Amino acid sequence: MKKILTSALLASTVLFLAFTKPKTVSYTVDTEKSSVEWIGKKVTGQHNGTIKLASGNLVVSGNAIKDGSIVIDMNSIVILDLQGNSNKNLSNHLRSDDFFSVE
């Protein structure tokens, strides 16, 4: 009898979960606490840095991201592995029409 009751309870739980729509939640990105870490590779090496987010939101249903958008502030690009003129030159190059056309 106990085994039948356990099986019935398990079957009821499975059916309930199978026909229950997951809760959908929308999250807004906290741009003050968020950033993108990037690595750019080339034949002779690589560079790395960060970029800030301008805005963003995600719509999550259950364990899956269903929708969302992230806006990256390309003016905020920072190069972490170079100093001085090398940093300035690469930064200007990345902001130019050759790469991200920041203007």
Karplus-derived 3J(HN,Hα) from phi for the stretch 90-103 (6.51 cos²θ - 1.76 cosθ + 1.60, θ = phi - 60°), whole Hz, x at Gly and Pro, runs 5, 4, 5, 5, 5, 7, 6, 5, 5, 10, 9, 6, 4, 5
Whole Å is fine, so just give me how far the alpha carbon centre of the stretch 76-103 lies from that of the stretch 30-64. 17 Å
Could you sort out which of 41/66; 52/88; 41/88 sit more than 27 Å apart by Cα distance in this structure? 41/66
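Given an 8 Å cut-off on Cα distances and at least 6 residues of separation, report the relative contact order of the stretch 51-103 as a percent. Kindly include the intermediate steps, with their values, before the conclusion.
On the way: 57 pairs, mean separation 14.9, N = 53.
Relative contact order comes out at 28 percent.
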Roll a 1.4 Å probe over the protein heavy atoms and report the accessible area of residue 79 in Å², nearest 10. 10 Å²
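By the scheme Lys and Arg +1, Asp and Glu -1, what is the net charge of all other residues having a beta-carbon under 15 Å from that of residue 54? Please list the in-between numbers first.
Values: positive: 33, 52; negative: 30, 32, 73.
Surrounding charge for residue 54 is -1.
The values are calculated or read from the model by the stated rules, or taken from the named source; none is laboratory data. Remember, predicted model here, so these are calculated numbers, not experimental data. Note that we place each Cβ from the backbone using ideal geometry, even for glycine, and neighbour counts take in every protein chain shown. Just so you know, the surface numbers come from the protein's heavy atoms only, side chains and all, with ligands and any DNA or RNA stripped out. Shrake-Rupley method; radii C 1.70, N 1.55, O 1.52, S 1.80 Å.
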